[in-house]
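The block underneath contains the structure these notes are about, expressed in structure tokens.
The values are calculated or read from the model by the stated rules, or taken from the named source; none is laboratory data. If you're wondering where the values come from, they're calculated on a predicted model, not measured in any experiment. Cβ: placed from backbone, ideal geometry, glycine included. Neighbour counts: every protein chain shown. Just so you know, the surface numbers come from the protein's heavy atoms only, side chains and all, with ligands and any DNA or RNA stripped out. Shrake-Rupley method; radii C 1.70, N 1.55, O 1.52, S 1.80 Å.
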Amino acid sequence: MNDTTRQKLALVAVDWGTSNLRLTLLDNSGEAIGERSSDRGMGSLEPSEFEDALLELIDEDLPQDKVTPVICCGMVGSRQGWQEASYLTVPCAPPDGTRATRVAVNDPRLSLWILPGVKQARPADVMRGEETQIAGYLAQNPEFDGVLCLPGTHTKWARISAGEIVSFQTFMTGELFALLSKNSVLRHTVNGANWDAQAFEEALSDAMSRPQGIASKLFGLRAENLVGDMSPTQGKARLSGYLIGLELAGARPYWLGMEIAMIGAPALSKLYQDGLAVQGVSASVHSVKDMTLSGLKAAYSVVKDSN
């Protein structure tokens, strides 16, 4: 970063997950002037190592003559993270910065806050990071009343009304897919490089109509590969269809008859979008990166005004 750009730096917005650290450098107008990332996620760090991991990415970007604010969301605020940030309890508005946790740092060039997560008592559930994406979406769509789906390793379905997260439900669909496709008897059956949309849609519909049979259907993938003519590409699409179909069946009370918007990676969101389309339901898709940054910027505007 050159000296002119360094002097423009007004805020560092950080999305710190279990596996990765991603951040955006912003100027006074909120425009991005740089991006940085590393694989030093929460899961690989001790509490004493977080500041060094952050400085590895931004040390050369920080002005020497002023304090630069840093606003963080995600697993960095978990019990195993840099410092635990308290949960808000639904129903609640997504975190806006008023309950951000101030973290003591050693570098005098930094002033750092971590946003809280959101919890639900019954049924018990938690989120860290997704609530900032929700805040970002609502900052851009304040009148939204419906359901937000956030596809990922642990997909969230959140009911939104009057600017609040009313309730939410988490599905471990992404993690189940990873475990079955990499660490089970199916690993050689579902490793296709391409995609079969028809196989995906048929498996999804099957799972939604007969969810009680999925455990048997999963082993059937292995059997069809051995004694039938099912290709690994079809196997991958069917495994995905079974698991997403099972999730959609469980999440039906959330999405049925509701306006739905998705926040997630394009490829994964498209699968959920296609799965809902099979049920005659449409959903818009929005960038997880853009919504996270929108939420972090909105939160910092509150932190700044209260300090």
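Looking across the range 152-173, the residues that are among the polar types (S, T, N, Q) and open to solvent by less than 60 Å² (accessible area, probe 1.4 Å) come down to THR155, SER161, SER167, THR170, THR173. Within the range 147-173, how many residues turn out to be assigned to a strand (DSSP E or B) and either hydroxyl-bearing (Ser, Thr, Tyr) or over 21 Å from LYS119 (Cα atoms) (or both)? Adding up the residues that qualify gives 4. Only residues that are touching a residue at least 24 places away in the same chain (Cβ under 8 Å), under 28 Å from the mean Cα position of the chain (by Cα) and over 11 Å from VAL278 (Cβ atoms) were counted in the range 208-226, giving 3.
GLU49 meets all of the listed conditions (1) farther than 17 Å from ALA299 by Cβ; (2) touching a residue at least 12 places away in the same chain (Cβ under 8 Å); (3) open to solvent by less than 70 Å² (accessible area, probe 1.4 Å) but one, namely (2).
For (1) β-branched (Val, Ile, Thr); (2) buried (at least 16 other Cβ atoms within 10 Å of the Cβ); (3) assigned to a strand (DSSP E or B), each residue gets a yes or a no:
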residue: GLN7; (1), (2), (3): no, no, no
residue: VAL14; (1), (2), (3): yes, yes, yes
residue: THR18; (1), (2), (3): yes, yes, no
residue: THR24; (1), (2), (3): yes, yes, yes
residue: ASN28; (1), (2), (3): no, no, no
residue: ILE33; (1), (2), (3): yes, yes, yes
residue: ARG36; (1), (2), (3): no, yes, yes
residue: ARG40; (1), (2), (3): no, yes, no
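Just so you know, in the range 174-189 the residues that are over 15 Å from GLY241 (Cα atoms) and in a helix (DSSP H, G or I) include one that is most open to solvent (accessible area, probe 1.4 Å), and it is LYS182. Of the helices (runs of 4 or more DSSP H) lying entirely inside the range 190-261, those carrying at least 1 residues that are of a type in the set (Val, Ile, Thr) are 214-227, 232-250.
Considering only the range 272-295, state which residues are part of a helix (DSSP H, G or I) and open to solvent by 30 Å² or more (accessible area, probe 1.4 Å). Once the filter is applied, which keeps residues that are part of a helix (DSSP H, G or I) and open to solvent by 30 Å² or more (accessible area, probe 1.4 Å), the range 272-295 yields GLN273, ASP274, ALA277, VAL278, VAL288, LYS289, ASP290, LEU293.
Listed by first and then second residue, the pairs linking a residue in the range 77-100 that is over 17 Å from LYS297 (Cβ atoms) to a residue that is of a type in the set (Val, Ile, Thr) and open to solvent by 50 Å² or more (accessible area, probe 1.4 Å), with Cβ atoms under 8 Å apart and 6 or more places separating them unless they lie on different chains, are TYR87/VAL126; VAL90/VAL166; PRO91/VAL166.
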